[in-house]
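One structure is given below, encoded as structure tokens.
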Amino acid sequence: MNVFASKSDSQVTRRQALKIGGLTVSLAALVAACGDDLEGDTSPGRVGYAPPITDPPDYAVDDAVLLRTASSLEYTAISVYEQVLEVGGLDSSGQALVETLIANHQAVADEMGALTEAEGGVAWECSNPWIDDRLIAPVLEAIETSDDPTRDVLNLAVALENLAASTHQVFSIELSAPESKTATLEAATLASRQSAAIVVLTRGAEGYISPEVVGEGVPTDPSGVPYTYAVTSRFGSVGQAELIVGAPDENGVRESFTLQTPAANSYIYNELEPTC
């Protein structure tokens with residue numbers, strides 16, 4: 001009996017033939033893959049599309065590299081805020097806040113640059129190219145078609161400040177010079193305060209303390225985007241954070257991006273040349 005035949009038709013239809021053919025090819029491939037004479041690339045296979053995996057550079061990481069990387073995040077924030085000013089649409093208080101943020105990030109970048117030179121390195125005065133390409137560019141592209149660009153820009157600003165705070169906090173432990181440790185701790189404190197200021201300006205008292213502090217979940221606004229808070233945890237978190245922006249798709253799902261402190265693939269090594 002032909003197990004592929006329908007009850008109403010004992011002949012194999014074209015659709016069934018395709019199924020049988022596909023099964024035959026799959027089984028043949030499986031048999032070949034399980035053979036004893038394996039040849040060629042034996043690296044793990046990959047499902048779906050993904051950009052090629054690139055190994056991080058094999059460069060030394062010293063205090064100058066960490067300080068250059070810290071500088072790059074400050075310039076990335078400056079670049080984003082300058083674009084926000086160019087787009088416009090902010091009220092007077094919002095514009096004043098963004099201008100203050102730019103000035104503060106520039107001051108921190110200048111200090112990181114001076115500390116870099118004190119360590120014998122070359123100050124970095126550009127944004128972080130790895131973060132720009134893989135995070136900032138796609139986020140801004142999503143915001144362009146968002147159903148609420150103002151909400152997304154504000155949430156991006158909060159995310160950038162928290163990313164800067166986490167990065168400086170981590171680097172304060174990894175740096176060896178006392179002056180650099182102190183400077184990065186001060187920068188982390190400033191970025192945390194700036195994140196809180198953005199939230200308080202936009203949400204008021206409702207945005208003071210996140211429910212996560214007492215072990216509860218973070219609520220979402222009517223559009224399904226999580227609310228931001230000035231105080232997000234009992235202690236300064238350096239873990240990865242999620243940023244949701246853009247317009248919802250046909251299933252109501254918006255684009256989600258993960259922010260995490262720089263690692264080997266996004267460090268600004270001494271061997272790298274400026275990109276701006």
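Report the calculated FRET efficiency for Y208 and E82 (r = Cβ-Cβ distance, R0 = 25 Å), to the nearest 0.05.
It comes out at approximately 0.30.
Show the residues, 5+ positions off or on another chain, whose built amide H is closer than 5 Å to the amide H of V231.
Residues meeting the criterion, in which the H sits 1.01 Å from N, are I209, S210.
Need one number: nm distance between label points at E186 and E125, each 7 Å from Cα along Cα→Cβ, rounded to one decimal.
So the label points at E186 and E125 sit 2.2 nm apart.
Cα-Cα pairs above 21 Å in segment 113-205: how many percent?
Summing the P(r) of segment 113-205 above 21 Å gives 46 percent of all pairs.
All other residues with a Cβ under 14 Å from the Cβ of N155 taken together, and with Lys, Arg as +1 and Asp, Glu as -1, what is their net charge?
Result for the neighbourhood of N155: -4.
Compute the label zone of S237 within segment 139-181: residues whose backbone N is under 17 Å from the point 7 Å along Cα-to-Cβ.
155-170
Distances longer than 18 Å among the Cα atoms of segment 140-182: what percent of all pairs is that?
Of all Cα-Cα pairs in segment 140-182, 48 percent lie more than 18 Å apart.
Net charge within 10 Å of R254 by Cβ-Cβ distance, Lys/Arg positive one each and Asp/Glu negative one each, not counting R254 itself?
Net charge in that neighbourhood comes out at -4.
Contact order normalised by length for segment 170-276, with contacts defined as Cα pairs under 8 Å and 6 or more residues apart; what percent is it?
16 percent
Would you kindly derive the ³J(HN,Hα) couplings of segment 73-78 from the backbone phi angles with the Karplus curve 6.51 cos²θ - 1.76 cosθ + 1.60 (θ = phi - 60°), listing them in order in whole Hz, with x for Gly and Pro?
These are the phi-based 3J(HN,Hα) values: 5, 5, 6, 5, 4, 4 Hz.
How do 122-132, 145-155 rank on mean C-beta neighbours within 10 Å, highest first?
122-132, 145-155
Values quoted throughout were computed directly from the atomic coordinates according to the rules given, and no laboratory measurement underlies them. Source: prediction; values computed, not measured. Glycine also receives a Cβ, built like all others from the backbone with ideal geometry; neighbour counts cover every protein chain displayed.
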